[in-house]
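Below is one structure, written out as structure tokens; comments come after it.
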Amino acid sequence: MEYRYVEKYFINPAIEHGIRGYLASKEDLDYPQCYTFEMSVIKALTIIYGEKSILLPYKIDNEKAFECNLLMYDLKESEMRAFIKYMNAYYYFLKNYKSHEKATGLINEIEKIIIEMINKRSKRREFTLEEIKEFDTIFNPSEGTLKQLKKLISTDNGLIIKKWEDNKYGLTNTQVRLMTINPNLLNPDRYLRFGYDIKQVAVLSNAEIDHINNKIIEEENRIFELEKKPSLFKKSNLVLTTGNGFVDKLMIVSIVMTEIMIGVIIVSILGG
């Protein structure tokens, strides 16, 4: 009987080779340039969801965790399934590539879903300018292997570039617009005092903003009431109180008795 070795792939060959390429690039190691697109897709996913959410399931071989993590920001399950299907189809297109064939439809569908992932994430957590610049190198590379690859196997990348540019403008202006039109937001300093960033609060729903605001106001009131209460002993900034009335009374009695004993000792010494 003849046995054939069948390599096991994580999710599918495109995801597997994309992750391998991404890990190799982080270590400045060589990886097959034919998997540059797959690697760029994984790079985009790590920016959107975080490296841990993408790489840890791969390292522990948990495909279900990987799929669940793609749904983290309310991406539809049907879109997640379509993304995986298109990635697999792209791999087999590339494997059987003929110079007259193009993968325009596959690349466009994959990148449209990635842009949707970006939009979903931006409603929960904003992207930094550095992260947005990284997306530029993925959707509209100005040089390098990815640009050459897209030019070779895609007939119309202009639609995706336009879609990305339109979405990018929205990403960089979302927080400013929301802070301008949302009258529920408190002063930025009040959020900062309790560990919040107004830019992150601004993208939440009105109900979530109200919940945070109420918690801040409650805490401010509690602190104000504590500061109004008189302390038992104050000298400069020294406060002699334990917060327990019974213990404070014992402390007072102890201080008074100590002073009396010191007075008795002084009198006995002076009296000879």
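The values are calculated or read from the model by the stated rules, or taken from the named source; none is laboratory data. Every value quoted in this text rests on a predicted model; they were computed, and no experiment measured them. Quick reminder, even Gly has a Cβ in these numbers, built from the backbone with ideal geometry, and neighbours come from all protein chains shown. The accessibility values were calculated without ligands, DNA or RNA, using every heavy atom of the protein model including side chains. Shrake-Rupley method; radii C 1.70, N 1.55, O 1.52, S 1.80 Å.
Descriptive notes on the structure:
- Chymotrypsin sites (Phe, Trp or Tyr not before Pro) within region 12-47: DSSP coil, no more than 12 neighbouring Cβ in 10 Å: none
- Order of exposure, largest accessible area first, which applies to 17, 211 with probe 1.4 Å: 211, 17
- Other residues within the sphere of radius under 15 Å centred on the Cβ of residue 84, judged by their own Cβ, net out at -4 (K and R +1, D and E -1).
- Inter-label distance, nm, simple model (7 Å from Cα along the C-beta direction), residue 220/residue 27: 5.3 nm
- Applying 0.36 nm per residue to the separation of residue 96 and residue 9 and subtracting their alpha-carbon distance, the gain on full extension is 29.5 nm.
- Loop GluC sites (Glu not before Pro), region 1-95 (other Cβ atoms within 10 Å of the site Cβ: 10 or fewer; DSSP): 2, 7, 27
- Between residue 187 and residue 145, residue separation times 0.36 nm minus the direct Cα-Cα distance comes to 10.4 nm.
- Measuring against 27 Å, Cα to Cα, the residue pairs 8/163; 95/123; 112/133; 26/151; 64/112; 59/95 contain 8/163; 95/123 as the ones spanning a longer distance.
- Taking Lys and Arg as +1 and Asp and Glu as -1, the other residues whose beta-carbon sits under 14 Å from that of residue 25 total -3.
- Couplings 3J(HN,Hα) for region 134-148, derived from phi with the Karplus relation 6.51 cos²θ - 1.76 cosθ + 1.60 (θ = phi - 60°), are 5, 5, 4, 6, 8, 7, 9, x, 8, 7, x, 4, 5, 4, 5 Hz, where x marks Gly and Pro.
- Seen from residue 38, the other residues with C-beta closer than 14 Å to its C-beta sum to a net charge of +2, counting Lys and Arg as +1 and Asp and Glu as -1.
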